[in-house]
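Here is the structure we will look at.
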Amino acid sequence: MDLKSPNELSIVLPVYNEADVIKKVVGEILDYALRLTEDVEIITVDDGSQDDSLNILNEMSRSFPQLRVISHKENMGYGGALRTGIAFSQKQWILLMDSDGQFHIDSLKELWLQRHQFDLLLGFRQKRKDAFYRLMMGKLGNMACNLILRRHVYDINCGFKLFKKDIINHLSLSCNGGIINFEILFKLFRTKPSARMQQFPIIHYPRKSGKSTGGNPKVILKIISEGIKIILEPKKQKD
């Protein structure tokens, strides 16, 4: 019997070289989340940042007990940071959210209000504020992934997703790159095809600092390689 509160919330933030915005982002998340529920934890995973991100987070954690700081000594990649954050999450609901300031935590409102009707609630960027080549790459990648998933997911790589802990906890995730978003959905729908999904429009803001690595040719090749491994991997799940 699940005795956990239906209001428990873990917020997972992968962090890599976001010193210019991370204090503001985490502060806004804390303020908003504590108005939704008192039972909240914010799990920041510093993925080997080379700037002052980790020091800023450690300083904030001294004032805010809801903030947990986990550090990778070396950069593992976006997927590796998400996997670590998911593994450390303790609450019934898990929000995966980017930490670069391109999403605002108040986008959680509608997902949170409707969470009891669904197992996973996926955000999609209404007007994506990225360079043209990234928009085209995103559309092509989304089309390819939907063909494999046999589902119509508007925006697979949107970094704003709310899951029930027990729906994602059983998955054996392995990707370190950005294709982790596809891996989560692919393995979830393969093991739990009846999972209840809903999608919500999310406001996407321009990046004000830092640098995205999503268009790097090496990153693209890694995504393709990891994608093939995911599809060919034998079906399995955690005990």
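The numbers here are math on the coordinates, done by the rules we state, and not lab data. Small disclaimer: the values here were computed from a predicted structure and weren't measured.
Per residue, the convex hull spanned by the alpha carbons of region 9-78 comes to 75 Å³. Where both bridge residues fall in the chain, DSSP classifies roughly 25% of the beta bridges as antiparallel. Checking the Cα-Cα distances for 24/192; 73/218; 109/218 against a 32 Å cut-off, the pairs over it are 24/192; 109/218. Taking only the Cα atoms of region 9-232, the ratio Rg/Rh comes out at 0.93, with Rh defined as the Kirkwood radius.
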